[in-house]
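Colleague: One structure, as structure tokens, below. Some questions next.
Throughout, read-outs are computed from the coordinates displayed, never taken from laboratory work. Predicted model only: the values in this text are computed from it and were never measured. Here the Cβ positions follow ideal geometry from the backbone for every residue, glycine too, while neighbour counts run over all protein chains shown.
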Amino acid sequence: MDTNNDTKTNKNEKSGCQSCLTVVIVSIIVLFSGCAITICLWPSPPSGDDIDKIVNNNKETILSAIKNGTVDDLKIDGVEEISELGDGSTIDFLCGYTGSAVSGNYSGFYYSEEDEPEDVFGISGELKETSEGFWECHEGDDSDNYYETDKICDNFYYYFAHC
């Protein structure tokens with residue numbers, strides 16, 4: 001029996017295993033580093049203060065477009081999407097979204113012809129006033145979906161939704 005060859009084979013096997021382990025460890029480090037960088041650099045939806053500025057800087061333009069029926073033609077910096085809801089008495093101005101297909105955060109503002117708070121996302125739950133000018137809605141005990149809205153000025157409301 002050639003024990004010299006057996007020893008060489010065992011050394012080669014150990015060396016191969018160590019190389020595989022090194023590759024796996026380096027891959028894991030690269031993967032987690034990439035995830036951490038992505039999370040840190042992922043833009044968050046605009047804050048309430050940012051959205052208040054968008055409304056206050058564009059209020060007259062928005063009201064004019066509503067009056068003239070030209071909301072679809074509006075182009076407003078900081079607004080990604082404009083949607084008329086229901087009978088058109090509520091108009092949603094989506095300003096930001098982050099997340100995935102499973103869960104996301106949305107922020108924006110809406111115009112309410114009736115000047116009433118609304119759940120523009122349709123979270124199943126009752127919209128309750130929690131403090132003056134601030135309302136929120138939670139979908140249920142077993143869900144993390146929620147919606148909050150507060151009044152910016154007459155007919156305009158900020159919203160944030162997690163769903």
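Colleague: Considering only residues that are under 22 Å from I91 (Cα atoms) and over 17 Å from the mean Cα position of the chain (by Cα), look in the stretch 139-160 and name the one that is surrounded by the fewest Cβ atoms within 10 Å (Cβ to Cβ).
Modeller: Checked the stretch 139-160; the qualifying residue surrounded by the fewest Cβ atoms within 10 Å (Cβ to Cβ) is D154.
Colleague: Sticking with this one: Step by step: first the residues of the stretch 52-107, then only those that are under 13 Å from the mean Cα position of the chain (by Cα) and among the β-branched types (V, I, T), then the one that is surrounded by the fewest Cβ atoms within 10 Å (Cβ to Cβ). Which residue is that?
Modeller: Selected residue: V102.
Colleague: Starting from the stretch 74-100, take each residue that is of a type in the set (A, V, I, L, M, F, W, C) and list its partners that are buried (at least 19 other Cβ atoms within 10 Å of the Cβ) and assigned to a loop (DSSP other than H, G, I, E, B), counting only C-beta distances under 6 angstrom and pairs at least six apart or across chains.
Modeller: F93/V79; C95/P46; C95/V79
Colleague: Report, by residue number, each residue of the stretch 108-132 that is more than 20 Å from I91 (Cβ to Cβ) and either exposed (fewer than 13 other Cβ atoms within 10 Å of the Cβ) or in contact with a helix residue (DSSP H, G or I) (Cβ under 9 Å, 6 or more places away or on another chain) (or both).
Modeller: Within the stretch 108-132, S124, E126, K128, E129, T130, S131, E132 qualify.
Rundown of residues vs (1) assigned to a loop (DSSP other than H, G, I, E, B); (2) touching a Cys at 6+ places or on another chain (Cβ under 6 Å); (3) among the polar types (S, T, N, Q); (4) at positive phi, yes/no style:
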{"residue": "Y97", "(1), (2), (3), (4)": "no, no, no, no"}
{"residue": "F109", "(1), (2), (3), (4)": "no, no, no, no"}
{"residue": "E114", "(1), (2), (3), (4)": "yes, no, no, no"}
{"residue": "P117", "(1), (2), (3), (4)": "yes, no, no, no"}
{"residue": "G122", "(1), (2), (3), (4)": "yes, no, no, yes"}
{"residue": "G125", "(1), (2), (3), (4)": "yes, yes, no, yes"}
{"residue": "D141", "(1), (2), (3), (4)": "yes, no, no, no"}
{"residue": "E148", "(1), (2), (3), (4)": "no, no, no, no"}
